[in-house]
Each structure stands twice: as structure tokens, then as C-alpha cells.
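Report on the following structure.
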Amino acid sequence: MNDQKPVRGTTRRSFVAGAAAVLGVPAGRAFAQATETVSYDTFLDPASTKDPRSAAQTQMIAAFEVSHPRVKVRVVVDPTGQNGIRAARAKSDSPDVIRVNTFQMPEFVSTGSVLALDELIARDKVDTTDWLIGMDQTRVNGKVWGLQQDYRIPIYVYRKSKFAEAKIATPPRTYEEVGGLGRLLTKGNQMAYGIPLGLSGGIGGAQAFMEFILSSIVAGNTDPFFMPNGREIGFSDKRLLLTASIVKDLFAKKAATPVCLQFAYNELQDGLRAGTVASGTFALYRYSGLKLAVANDLAWAPAPSVAPDDKHTVYGFQLCINSHSPRQGAAWELVKFMISPAAQALAAHGGEVVARASAYKDAYFKTAQAEDQLGWKSLVEARGRMVNYSIIQSTFNQICGEAFQRMILKDLAPAAVVQEVRTRYADALAKS
């Protein structure tokens, strides 16, 4: 969750009146008697006063209820996503709509509890071209199971004052250049580049390490991460060996130090906030809150890669329909609305890099507030690619985190990481 400043409140009634005008619906219709309630599973809490994404979600739902006065939406707050996956495994008929992290999509599909959307997309002529990244890249086992709401790509985040003190004029573009920061920025309790190898945060395992560094290097510009069925590893031993070699070299050159072996999302953010970490590959969805917390002493650049301008893996959240829900018709109407250009424009006000290309025509994107989002949008379009994940992704993340930690702590050869990851993943998959 972003640490954002509180947003100015918009009452539901005042927003509904405005939304009704925009949508061409008489405002009074918004209060017609509902005949169906759709439950919507999401990590965004409508009660939050600090997260602008939550406020945007509330506005989107209010606008939906204006245009569909016989449907009401009940938000099920699911901070870790575990409620949704438990319901899918149990084949429950609720929640009706689940906001699924791309990392988890193969696991959800494997339960048989999410509805393939290809026929509905074709029937209702949903535009399949109006996306920053082609819809085909979201397929699992050849089918579309969710519609993309947003994209997240790693970015390089650094404290401007630290770089000015060290007389560093430009941020690094490659991992080799990141290694060179060790002699300039690592001193005392300050680390040049934090690597989040810890096993906490996210949906489990060393997710931050996988999200920010591992997946982009092992998949490279064209290789798969996992195979389409979500079971077999798709990347080569050569790419995993390269990743292990890069990480070990960053520690050897003291760009990173053993302090960060327990870092995950929050620890890396805390280090950047306190100035004990001068830079790191980090999350664009936490950038705005962190920038406010350090009095604007923060800047971003494209994340480093093996060679300049290599691709980075992109993920995000998709809206999926519970295949056991008796309310699939209303659920589909909610999904379609929430990914419509109009709703996506509302989501953008919350700071997301929204998925629909046409949403960027909204007047909001002409404001100074949207400057970073437009930069991230361009980065997604130019260097982003989506990949397949494992049906036991959190287990894979943990295996990798432990293997890389062991390599650093015991000074093992990078080849040891390849052996451990391959062997342990095969064992875990056999037991799944």
C-alpha cells in the first residue's frame, strides 16, 4: 500500500450526481431499489483515508451503480489476496469478482474457479487493441481469464541529495554501473543499492526480489519465465546463472551489503526514507508516498538491466469472475465497467498506470500531478513485457530468496543457486 497523503474527501452522494451527469443518467436513478448485490474482492479498503487509490475505487463503484441502478457492489477487503484464493480453492460461489495479481493468475486458473472471458469479450465487442501491452500477453493456457486494470514495472529510485554529494550526474543504466556505485555511496551505515532478498511481504516468499530483479533478468527480452501451463520453468540455466553472478558481484563490490538480506518491500522503503539506502530498484506504486516522506529528495529513472534498454517484466491486477457465482451476468457488467476508459480515467486519479490506452486522453493527464504516471506509461510501452508465472509462485519466490541468501552468506559459487533452485522447485511442484 502506498504511504500517500490523505486525499480530499468526495461524498458518495455528490460524486454520484456528477457521475450521473457524465454518464448521461438521471441522478435519481442511482438510488433505485437494487435487485442484485455483487461482491468484489480487492486489497483496496474503501475506509482508507490515506490511499488515493481507495478513493478512486469508491468513485468507480459509485459510477457503476449510477449506470446499473439494479446492481449494488459490496467490497470485500482482502489485503493479501488470500481470501480470494481460498474461495477459489473451495469452489465457493462468492466473491463474484476477484481482483487478481498477475503473479497469482496461474494458481487461480488451476483451481477451475475463474471464468474464461474470451467468448464474452467477443460477444460484447470489448476492444482488444486499446491496451498499453497487448491482451495476448495476459493469456494463461491460451485463454483470457481477467481484464487488466493496471501495470507495474520496476523503476530505479534514488535519493537526489546522496547522488549530489557523491557527484553522480546520471543514474546507472546497467547492473555493471550499479556495481560502481559501491565505492561512491556505501559508507558508514549507508548502502549504495538495496537488494530485497527477504522472505516477507507480498503474497509470500521473496516476492520483492522476484518482482524487481529476478524475473526481468532470467526472462530477458524474449525468454519465458514459466511455461504456459504454469508448471515447468521456462528460463534457462544460463539466465539464472547470470542473475546469481550479477547479485553476487553487487555484494562483492559493496553496492549492496548483507544488511539487505532480510529486506522486503517495507524494509527497502524504510531504508530509502531514512537515507541508509541511497538507491534501489523499487515499486512505482509506492513512489509518490515515499517522495512526500523525504521532502521531495527523490527521483526515479528506468530500472537497471543487463544491457541498456533491456526489457523488464510487467505485472498488475486483473478483474476475474468466479465461475461458481450465480451472479455472473452482473459480475461481467462490473468487470466491463471497471476496465472501461471512463472508469480507468478515474483510477488514474489514484496514481495507477492504468491499462487502457484511450484513458490517457483524459484531461487529468495534462496536469502536473500526472507527470510521473506518463513517464511510467511510456516505460511500460517501450520496455515492458508480461510473462507467465508458476502455479506455486510464492513457493518459487521463497526458494529463490533462500538460495540467493545462502550464496551470499556462505560465499558459494553462483552455480549453487542454479542447482538449488532447480532441485527444490521440482520437489515442491511434485508435492503441489
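Data table
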| item | result |
| --- | --- |
| Nonlocal amide H pairs with residue 153, under 5 Å, H built at 1.01 Å | 284 |
| Simple label model, 7 Å out from Cα along Cβ direction - residue 294 to residue 143, nm | 4.5 |
| Dipole in debye (nearest 20) - the chain, about Cα centre, beta carbon charges: Lys, Arg +1; Asp, Glu -1 | 560 |
| Rel. contact order, % - alpha carbon contacts under 8 angstrom, at least six apart, the chain | 25 |
| Sparse-neighbourhood loop sites, trypsin sites (Lys or Arg not before Pro) in segment 69-124 - DSSP loop, at most 16 other Cβ within 10 angstrom | 70, 91 |
| 19 Å cut-off, amide nitrogen to a point 7 angstrom out along residue 415 Cα→Cβ, residues in segment 234-249 | 236-249 |
| Where Cα atoms sit under 27 Å apart: lysine pairs in segment 332-432 separated by 8 or more or lying on different chains | 5 |
| Sparse-neighbour loop sites [trypsin sites (Lys or Arg not before Pro); segment 145-198; at most 16 other C-beta within 10 Å; DSSP] | 167 |
| Cα centroid of segment 246-276 to Cα centroid of segment 341-413, whole Å | 20 |
| Calculated FRET value between residue 35 and residue 427, using beta carbons and R₀ = 56 Å, to 0.05 | 0.65 |
| Whichever aspartates and glutamates have a C-alpha closer than 13 Å to that of residue 238, once near sequence neighbours (fewer than 8 apart) are set aside | 223 |
| Listed values (1) 26, 57, 17, 1; (2) 22, 44, 24, 10, 1; (3) 19, 27, 22, 17, 12, 3, 0, entry calculated as P(r) over Cα pairs in 20 Å bins from 0, in percent | (1) |
| Paramagnetic label zone (point 7 Å from Cα along Cα-to-C-beta, residue 236; backbone N under 20 Å) in segment 413-428 | 414-423 |
| Whichever lysines have a C-alpha closer than 17 Å to that of residue 291, once near sequence neighbours (fewer than 8 apart) are set aside | 5, 50, 160, 162 |
| Net length gained if the chain between residue 128 and residue 203 were fully extended (0.36 nm per residue, minus Cα distance) | 24.1 nm |
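Read-outs throughout are calculated quantities, based only on the coordinates presented, and are distinct from any laboratory measurement. Because the structure is predicted, anything quoted here is derived from the model rather than measured. Reconstructed Cβ throughout: ideal geometry from the backbone, glycine too, with neighbour counts over all protein chains shown.
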